[in-house]
Structures are given as structure tokens and as C-alpha cells.
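For reference, the structure discussed in these notes is given below.
The values are calculated or read from the model by the stated rules, or taken from the named source; none is laboratory data. Note that the structure is predicted; figures quoted are calculated from it, not measured. Here Cβ is always computed from backbone atoms with ideal geometry, including for glycine, and neighbour counts include all displayed protein chains. Just so you know, the surface numbers come from the protein's heavy atoms only, side chains and all, with ligands and any DNA or RNA stripped out. Shrake-Rupley method; radii C 1.70, N 1.55, O 1.52, S 1.80 Å.
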Amino acid sequence: NGYSPTDLILDAPFVLDQGPGLPKWKPVNYSKRFYGLMTLRQGIEKSRNLMTVRLAQDVGMDKVAAYAKKMGVNDHLPQLLSMSLGAGETRVINMASAYAMIVNGGKRADPYFIERIQDRNGKTIYKRDRRDCPDCNAAKWDNQDIPQLADGREQIVDPMSAYQMTSILEGVAVRGTGARLRALKRHLAGKTGTTNQNQDAWFVGFSPDLVVAVYVGFDEPRTLGRYETGAGSALPVFYNFMKQALANQPDIPFRIPAGIKLVRINHDTGRPAQPSDKSVITEALKPEFNFDKAH
């Protein structure tokens with residue numbers, strides 16, 4: 001919607017009149033504190049609710065709901081600001097496939113359980129991948145090129161926007177609520193989530209080639225405990241799984257689409273880095289981005 005990771009958004013008290021006879025809606029941060037102006041990146045890295053609500057209000061919940069449907073998270077997300085903080089319902093597999101669309105460059109990722117079925121003689125009787133590959137059945141290898149399969153997946157999100165989101169979520173795993181993942185010394189990204197009264201704890205994260213969604217909660221919703229958050233309950237599951245799953249795999253960086261500008265900026269201000277700055281990161285910006293016209 002024209003926003004950049006470096007744009008400043010206010011994290012301050014927010015009050016919404018819900019109508020006659022209803023109490024005013026006053027969302028808060030987990031810490032019960034407010035943090036003032038901060039970059040969009042910082043707000044996501046640190047899970048700042050008030051910044052998120054203001055961002056959703058400006059973008060419009062109609063667009064948020066449309067993307068929730070487009071990415072398979074929720075087909076009928078109510079257009080209420082509380083939905084921007086995760087008040088809606090979804091399934092773990094839906095969240096995994098949605099995050100897959102972020103890390104794979106914005107292409108549709110439809111979840112499935114069965115890859116292929118063979119009969120007792122090895123004949124394939126069901127194959128999930130129905131792409132045509134006439135060169136895949138060569139009688140022998142004779143130094144020919146590897147067959148190239150057409151990628152017919154729908155482009156759901158602009159590749160540059162998808163990479164900017166990947167970069168922000170990598171920041172979560174480096175400086176934010178998922179910073180514990182730094183100990184694995186791998187390129188990882190993701191997002192913590194904690195619902196009211198600590199009833200649900202989430203962590204959905206990924207490496208460049210593997211997405212893992214973790215949900216912790218009771219079948220009949222009740223609190224997990226006062227201090228049981230996404231970072232405290234779900235993140236350790238992700239950590240231990242990825243530690244083993246990636247143990248024998250090379251560490252590769254996230255794939256960067258053509259056209260993205262990588263610019264050194266001050267992490268706290270979102271402005272171009274100066275020689276004296278101490279908090280400097282490499283930010284992913286679109287070619288048309290102009291610091292003088294930023295939000």
C-alpha cells in the first residue's frame with residue numbers, strides 16, 4: 001500500500017468507540033507500555049500492537065481481509081481492527097502455507113498431504129504434481145540438460161514486497177521477539193504470536209527452503225499461564241525442530257529478487273546511516289523508494 005520498512009508509525013494509546021452500549025476498545029501492548037514513533041520494521045520485530053492497529057486503519061481492513069483470503073489464512077475475515085492483531089480464526093496449516101508464500105517470492109503455495117501413490121509394481125496411480133514434463137522419461141542419461149519444469153503458480157504478492165516482509169521477519173529472529181534463534185547461527189525468520197489471557201501461543205517461521213508453524217494451546221480455550229507467550233512456549237519447539245532438521249544442511253541466505261536496493265540505514269530512525277551511527281542494518285527498499293517522500 002506504499003509503505004516501506006523504514007516508514008515511521010506511531011505506537012501510542014488508541015481508543016475506538018464501538019457504538020451505543022458497548023465499551024470503548026483500547027488495545028495495549030504486551031508490556032502495557034507505549035513506544036512512540038517507530039519504523040514499521042521495528043514495530044513488527046518487537047510485536048507492537050498499537051503501531052499495527054494504526055497501520056491497519058490507514059491501509060484499510062478491506063485490503064487486510066482481501067489478502068487474508070488471497071493467502072488462504074481466512075476466507076471471511078471480519079473487517080474489524082481487532083483482526084489486525086490476530087483476533088480471527090485460522091488453522092496451523094493455513095499459516096504455514098501463507099508464510100511459504102512470503103518466503104518463496106510471493107507465489108501461491110497450496111498445502112497437501114499426499115505427494116504420490118504407487119501400486120505394488122511401482123506404477124504411479126496418483127501424482128499430486130500434474131505439470132507436464134515430456135523430457136523426464138529419458139531412457140538413459142546422455143549428458144543432456146536437466147529437464148526444466150514450468151512454474152505455473154499464481155503470483156499472489158509482488159516479489160519485492162514478499163522479500164521486504166521476509167527481511168523484516170528475519171529481523172524478528174535477529175533483534176526481535178524471536179532473537180533466541182540467533183544461537184542456531186542460520187538464516188531464519190518468523191513471527192511470535194500471543195492471544196489475550198495467554199490462551200494461544202504461536203510461532204511461524206522459516207529457513208529459505210523450510211516453513212514450520214507451531215501452535216500451543218488447549219482444545220477447550222483457557223490460559224496457558226501468565227507468562228506463556230509465543231516466544232516462551234511455541235518458539236522453543238520451532239528452535240529444537242529446526243536445530244535437527246537443518247543439522248546436515250548448508251546455511252544459505254534468503255533469495256533476493258532482482259531490483260531490490262540494499263541500503264545501509266539507522267535501525268532506530270529509518271534514515272540513511274551516518275558514520276557515527278551505532279545501530280546500522282542493511283534495509284531492503286524498492287527501486288522507486290525516496291527517503292524524502294517517506295511516510
Inset, instruction - Per DSSP H run of at least 4 residues, take -39500 (n - 2.57); add these up for the chain, divide by its residues and hand me the 222 nm value, nearest 500 deg cm²/dmol. - result: -7000 deg cm²/dmol
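Given contacts defined as C-alpha pairs under 8 Å and at least six residues apart, what's the relative contact order of the chain, whole-number percent? Before the final figure, lay out each step's value.
Numbers: 487 pairs, mean separation 48.0, N = 295.
The normalised contact order for the chain reaches 16 percent.
For the stretch 1-107, what does the relative contact order come out to in percent, with C-alpha contacts under 8 Å and a separation of six or more? Write down the numbers at each step before the final one.
Working: 126 pairs, mean separation 22.7, N = 107.
Contact order relative to length: 21 percent.
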Inset, instruction - With label points built 7 Å along Cα→Cβ from the Cα atoms of Cys133 and Lys261, find their separation and express it in nm. - result: 4.0 nm
Legend entry - Cα-Cα pairs of the stretch 99-181 separated by more than 22 Å (percent): 55 percent
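With a 1.4 Å probe and all protein chains left in place, how much of the accessible area of the chain comes from carbon and sulfur atoms, in whole percent? The partial results should precede the final answer.
On the way: 9190 of 17990 Å².
For the chain, the apolar C and S fraction of the accessible surface comes to 51 percent.
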Legend entry - Angle in degrees between helix 92-103 and the longest Cα principal axis of the chain, rounded to the nearest 10: 80 degrees
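Subtract the Cα-Cα distance of Asp17 and Val59 from 0.36 nm times their separation in residues, and report this length gain in nm to one decimal. Working shown, then result.
Values: separation 42, 0.36 × 42 = 15.12 nm, distance 1.93 nm.
That works out to 13.2 nm of additional length.
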Legend entry - Hull volume in cubic angstrom per residue (convex hull over the Cα atoms of the chain): 197 Å³
Legend entry - Cross-link pairs Lys107/Lys127; Lys69/Lys293; Lys70/Lys191; Lys26/Lys191; Lys63/Lys243; Lys26/Lys286 - those with Cα-Cα distance over 25 Å: Lys69/Lys293; Lys63/Lys243; Lys26/Lys286
Inset, instruction - Tell me which residues come under 5 Å, amide H to amide H, from Asp11 once H is placed; ignore anything under 5 positions away on its chain. - result: Tyr35, Gly36, Leu37, Met38
Inset, instruction - Write out the trypsin sites (Lys or Arg not before Pro) in the stretch 42-143 meeting two conditions: DSSP loop, and at most 15 other Cβ atoms within 10 Å of their Cβ. - result: Arg91, Arg120, Lys123, Arg128, Arg130, Arg131, Lys140
Inset, instruction - Run the quick spin-label model on Ser31 and Ala87: label points 7 Å from Cα toward the beta carbon, then report their separation in nm to one decimal. - result: 2.4 nm
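Per the Kirkwood treatment, what hydrodynamic radius in Å, one decimal, follows for the stretch 216-283 from the mean inverse distance over all distinct Cα pairs?
Numbers: mean 1/r = 0.0609 Å⁻¹.
Final number for the Kirkwood radius of the stretch 216-283 is 16.4 Å.
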Inset, instruction - Find the accessible area per residue for the stretch 8-50; the probe is 1.4 Å, ligands and nucleic acids are left out, and the unit is Å². - result: 58 Å²
Inset, instruction - Work the Kirkwood hydrodynamic radius out for the stretch 143-295: mean of 1/r over every pair of different alpha-carbon atoms, inverted, in Å. - result: 18.0 Å
Inset, instruction - Quote the FRET efficiency, to the nearest 0.05, computed for Lys24 versus Lys293 with a Förster distance R0 of 51 Å and r equal to the Cβ-Cβ distance. - result: 0.90
Legend entry - Tyr67 paired with Arg271, simple spin-label distance in nm, labels 7 Å along Cα-to-beta-carbon: 2.8 nm
Inset, instruction - Filter the GluC sites (Glu not before Pro) in the stretch 149-236 down to the DSSP loop ones having no more than 15 other Cβ atoms within 10 Å, then list what survives. - result: Glu154
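Provide the packing ranking of 193-201, 97-105, i.e. peptides ordered by the mean count of other C-beta atoms within 10 Å per residue, highest first. Intermediate values should be presented prior to the final figure.
Details: 193-201: 18.4, 97-105: 22.7.
Packing order, densest peptide first, comes out as 97-105, 193-201.
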